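In what follows, a single structure is set out as structure tokens and then discussed.
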Amino acid sequence: DITCERLEPKSDNELIVHLIASDKCAPGMHPLRIRSSEGISELHVIGISKLPMILELESNDAAEDAQPLELNHTVVGTIEAGDVDSFRVSLKKGDRLSAEAEAMRAGGAMLDAVLNVMSPTGEWLAAVDDTSLRRQDPMVSLIAPEDGDYIVQLHESNFEGDESSRYALHIGTFPAPQWVYPAGGQAGQMVAVTFGGDAGGPISQEISLQQHSAGPTQVFCENNGVVSATGLPFRVNPFGN
């Protein structure tokens, strides 16, 4: 579901690759190599998001300088040494706020990211480093306790980083579960599952495996017409649960 439109040499050791992802392409990180008469390149990854993508704008280190964002967008940026990237989103009381970073998964520098969320009054609502689902990539799911502007911050755990420390940060009202049960199902069938770990509580859903052959895949949680920004690991097999 990702095709190469053209290759554009930039210098003796730089190449611009123009890629197109179809609307069927699964969100997440996809592996990429360049093959040429000189051999095969090291492995790189390219990130695909179903959400509109925007660029992080400096300087946004302090909360008062936070970059304003619309909800349900993916912001793409880098973390330099000592850098803190701050973003501002507006919520109503009772709204879900979800944020998930693809940092270590982005395949650049070893970016061990930390996510912080602050309320309109400056209270720290969340500070997440590692998670059981995404390991070094943090994710947050919470319910807004009041109306107002919330600050979402991202930084490296030791405040290190460089121009290769790339990330994609998904911020919005989408569901952000941390597990799915059962964790697999029979190929060609419909499977009833429960997504858990989201701030809004458990979410029941039927997953279609009619187009899937046996093997690992990912499934997406949908709640009130909004789909999770990234998928959860799911195992398709020939046997019933």
What does the accessible area per residue of the chain come to in Å², with a 1.4 Å probe and no ligands, DNA or RNA counted? 53 Å²
Could you run the Debye sum over the Cα atoms of segment 41-160, one equal point scatterer each and no solvent, and tell me log10 of I(q)/I(0) at q = 0.13 Å⁻¹, two decimals? -0.49
For segment 147-241, what value does the Rg/Rh ratio take when both radii are computed over Cα atoms and Rh is the Kirkwood radius, given to two decimals? 1.09
So what's the net charge close to ASP1: Lys and Arg +1, Asp and Glu -1, counting the other residues with Cβ under 10 Å from its Cβ? 0
With each label point set 7 Å from Cα along the Cα-Cβ vector, what nm distance links ILE16 and ILE143? 4.9 nm
Descending Cα extents along the principal axes, the chain, whole Å: 54, 52, 28
Can you pull the percent of the chain's accessible area that's carbon plus sulfur, 1.4 Å probe, other chains left in place? 50 percent
Taking 0.36 nm per residue of separation between VAL227 and GLU38 and subtracting their Cα-Cα distance, the length gained on full extension comes to 63.8 nm
Rounded to the nearest 10 Å², the accessible area of PHE159 using a 1.4 Å probe with every protein chain kept is 100 Å²
Positive-end residue, the chain charge dipole about Cα centroid, Cβ charges, pick of PRO31, LEU97, ASN237: ASN237
What's the longest piece of the chain with no exposed trypsin sites (Lys or Arg not before Pro), counting a site as exposed if DSSP puts it in a loop and it has at most 14 other beta carbons within 10 Å? 94-241
So, counting K/R as plus one and D/E as minus one, what does the shell of residues with Cβ under 15 Å around GLU38 add up to? -1
Throw me the Rg/Rh for segment 96-215, computed over C-alpha atoms with Kirkwood Rh, two decimals. 1.05
Candidates SER86, SER11, SER213, ranked by Gaussian network fluctuation over the chain, Cα under 10 Å, top entry: SER11
Can you give the local net charge around SER119? Use residues other than it whose beta-carbon is closer than 14 angstrom to its beta-carbon, Lys and Arg +1, Asp and Glu -1. -2
What is the percent of Cα-Cα separations in segment 92-143 that go past 18 Å? 35 percent
Extension length gain for SER208 and ASP130 (0.36 nm per residue less Cα distance), in nm, is 25.0 nm
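The values are calculated or read from the model by the stated rules, or taken from the named source; none is laboratory data. Just so it is clear, the structure is predicted and the values come from calculations on it, not from any experiment. Here the Cβ is made from the backbone with ideal geometry for all residues, glycine too, and neighbour counts use every protein chain on show. These accessible areas exclude ligands, DNA and RNA; they are computed on the full protein's heavy atoms, side chains included. Shrake-Rupley method; radii C 1.70, N 1.55, O 1.52, S 1.80 Å.
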